[in-house]
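I'd like to ask some things about the structure below.
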Amino acid sequence: MRKALRWLLALVVLIGTVSTAGAATAAEPKAVDIKDRLLSIPGMSLIEEKPYTGYRFFVLNYTQPVDHRHPSKGTFQQRITVLHKDVNRPTVFYTGGYNVSTSPSRREPTQIVDGNQVSMEYRYFTPSRPAPADWSKLDIWQAASDQHRIFEALKPVYSENWISTGGSKGGMTATYYERFYPRDMDGVVAYVAPNDVVNKEDSAYDRFFARVGTDECRDKLNGVQREALVRRAPLEKKYAAYAADNGYTFDTIGSLDRAYEAVVLDYVWGFWQYSTLADCADIPADAKNAPDEAIWDSVDTISGFSAYTDQGLETYTPYYYQAGTQLGAPTIHFPHIEKKYIRYGYQPPRNFVPRSIPMKFEPWAMRDVDTWVRHNARHMLFVYGENDPWGAERFRLGHGARDSYVMTAPGMNHGANVAGLVPDQKALATARILDWADVTPAKVRENPSAARPLASFDARLDKRDVEREPALRP
């Protein structure tokens, strides 16, 4: 009887336990899909979702104020993309400083930390442009405030550590964002970021071009550049036919002659920005005796004869506007070319922006950022290429900087990255990025030299080619 009673009591307890567990399971909330979480953010809307194995990739619009100081005075739609891996992974905030790519891609820090990636299209690059466009609202503070609002909107979804990054103008953008909103990010990785503190003092570029590469390579490049100006008349005739065939016009810069010289004067700069010393083998060795076609082809391949047409300039109007109002622009000299062959020299950004858009330069903007970085940089890494002209005027650190670094990749151009650093610097940079993202493996904590990217290389996602644009656009 006792035995039967004990069995009955056990059965009641078991049934109660199963019932309670079933009720608890039924009460658990269903996980909300990441797309629904993103679209529940006020101002966020979906353009499209694209599949990619191991990720979710979203192209989105986010409503931004035209003027962050006066949010009630109009809005515009800013494109962003989200490469989603897991809300429990760190997030990398990327901008190239221009248009955003709508194809899945992964920046180097994203591969290193094996995280999510949010990418932002820079304001005023089409289609992320207010209509009508008040160009006075295109400045580095307004753009940093765009990033700040996006971060605040997404931080509740992606609550782990964040690192901002970008290359060239994107590296500048990441730096300016840190200057104005230093509490948002846990680290900054700025690649090949120019820092033109004093716009009228550009002798650093002249010193760079006097020593970069080898004497032989510099002589070949200088020879082609000079010869393109010596043969101005026949090559401009070819340029006119080329423009007519493609429907190109020259209203913004003012004339075909101005555009031609601008393209030719970009030639040496463009070579070192995008090519390597090994590519010197492709440059005509005897420019004086080379046929016109060889000179034309070499200049067109490196500088691009469409660059200063109205059609070539239009996409980059926001960049040239910023270069002529805050960022500054380089001016270099050409000691290997007689003055009689140069009519205009390096032209200012004002010549590349329609005259209907007013511009006024603010010399204090870059000095402010430079001073802040020298004295306040924290968890910042600047990576430069040894043979990249834009690195001639770079960011430097002062005594106030903490856990911050400036590193140079030997032999690399405007595509310099952490992977191209010498081994000890590569390991240090990787270890610091992992630490800032709070994902350092135990073995790396014990031995930082063992630091490696957490995600395997993906040939499609991690394409390392330089995002090629015409020369003199960082």
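The values are calculated or read from the model by the stated rules, or taken from the named source; none is laboratory data. For clarity, every value in this text was computed on a predicted model and none was experimentally measured. So basically every Cβ, Gly included, is an ideal-geometry build from the backbone, and we count neighbours across all protein chains shown. The area values use the complete protein model at the heavy-atom level, side chains included, leaving out ligands, DNA and RNA. Shrake-Rupley method; radii C 1.70, N 1.55, O 1.52, S 1.80 Å.
Please calculate the 1.4 Å probe accessible area of residue 172, with all protein chains present, and give it to the nearest 10 Å².
10 Å²
Still on this model: What number comes out for the charge environment of residue 260, summing +1 per Lys or Arg and -1 per Asp or Glu over other residues with Cβ under 9 Å away?
Within the 9 Å Cβ shell, the charges total -1.
Quick check on the chain: helices-only [θ] at 222 nm, where DSSP H runs of length 4 and up contribute -39,500 (n - 2.57) each and the sum goes over total residues. Nearest 500, please.
Computed mean residue ellipticity for the chain: -11500 deg cm²/dmol.
I've got another one for you. Taking only protein heavy atoms and a 1.4 Å probe, what accessible area per residue, in Å², does the chain have with all protein chains in place?
Accessible area per residue, the chain: 45 Å².
Evaluate the charge dipole of the stretch 229-276 about its Cα centre and quote only its size in Debye, nearest 20, assuming +1 on the Cβ of each Lys and Arg and -1 on the Cβ of each Asp and Glu.
180 debye
Under 5 Å between amide H atoms, partner at least 5 residues away or on a different chain: which partners does residue 249 have, H built in plane at 1.01 Å?
310, 311
In the chain, what percentage of the DSSP-assigned beta bridges are antiparallel, given to the nearest 5?
Counting DSSP beta bridges with both partners in the chain, the antiparallel share is about 50 percent.
Sort 93, 457 from largest to smallest accessible area, using a 1.4 Å probe on the heavy atoms of the protein chains.
457, 93
Quick query: amide H of residue 406 versus all other amide H atoms, modeled in the peptide plane; which residues come in under 5 Å with a sequence gap of 5 or more or a different chain?
382
Same structure again: Can you give the charge dipole size of the stretch 185-326 about its Cα centre, rounded to the nearest 20 debye, using +1 on the beta carbon of Lys and Arg and -1 on the beta carbon of Asp and Glu?
So the dipole magnitude of the stretch 185-326 works out to roughly 320 debye.
With unit charges on the beta carbon (Lys/Arg positive, Asp/Glu negative), name the residue among 410, 369, 383 whose Cα is farthest towards the positive pole of the charge dipole of the stretch 355-411.
369
To the nearest Å, what is the center-to-center distance of the stretch 219-284 and the stretch 155-197, using C-alpha atoms only?
35 Å
Ok, one more. Per-residue HN-Hα couplings for the stretch 187-195, Karplus 6.51 cos²θ - 1.76 cosθ + 1.60 at θ = phi - 60°, whole Hz, x for Gly and Pro?
x, 9, 10, 10, 9, 6, 8, x, 9
Return the sequence-ordered ³J(HN,Hα) values of the stretch 408-417 in whole Hz as given by the Karplus equation 6.51 cos²θ - 1.76 cosθ + 1.60 applied to θ = phi - 60°, using x for Gly and Pro.
Coupling constants for the stretch 408-417: 10, 8, x, x, 8, 9, 6, x, 4, 8 Hz.
Mind checking which helices in the chain clear 18 Å along their axis (Cα) and have mean Kyte-Doolittle hydropathy of -0.5 or more, DSSP H runs only?
TM-like helix candidates: 2-27, 140-154, 423-436.
Taking amide H positions as placed 1.01 Å from N in the peptide plane, with prolines and chain starts having none, which residues 5 or more places from residue 394, or on another chain, fall under 5 Å of its amide H?
Amide H neighbours of residue 394, under 5 Å, 5+ apart: 195.
Could you order 396, 374 by accessible surface area, starting with the largest, using a probe radius of 1.4 Å?
Putting 396, 374 in descending order of accessible area: 396, 374.
Moving on to the next point. Rounded to whole Hz and in sequence order, give me ³J(HN,Hα) for the stretch 343-356 from the Karplus expression 6.51 cos²θ - 1.76 cosθ + 1.60, θ = phi - 60°, writing x for Gly and Pro.
For the stretch 343-356, the Karplus curve yields 9, 10, x, 5, 7, x, x, 3, 6, 10, 10, x, 5, 6 Hz.
Now, a different point. Which lysines, on any chain, are close to residue 340 with Cα under 30 Å apart, when same-chain ones fewer than 8 places away are left out?
Output for residue 340: 200, 220, 237, 238, 288.
Whenever you get a sec, line up 306, 275 from highest to lowest accessible area (probe 1.4 Å, protein heavy atoms).
Reading off the accessible areas and sorting them downward yields 306, 275.
List the relative contact order of the chain as a percent without decimals, with contacts defined as Cα pairs under 8 Å and 6+ residues apart.
Computed over the chain, the figure is 16 percent.
Using protein chains only and a probe of 1.4 angstrom, how many square angstrom of residue 75 are accessible, to the nearest 10?
Spelled out: residue 75, probe radius 1.4 Å, area about 80 Å².
Over the heavy atoms of residue 443, what accessible area does a 1.4 Å probe trace out, to the nearest 10 Å²?
Roughly 140 Å² of residue 443 is accessible to a 1.4 Å probe.
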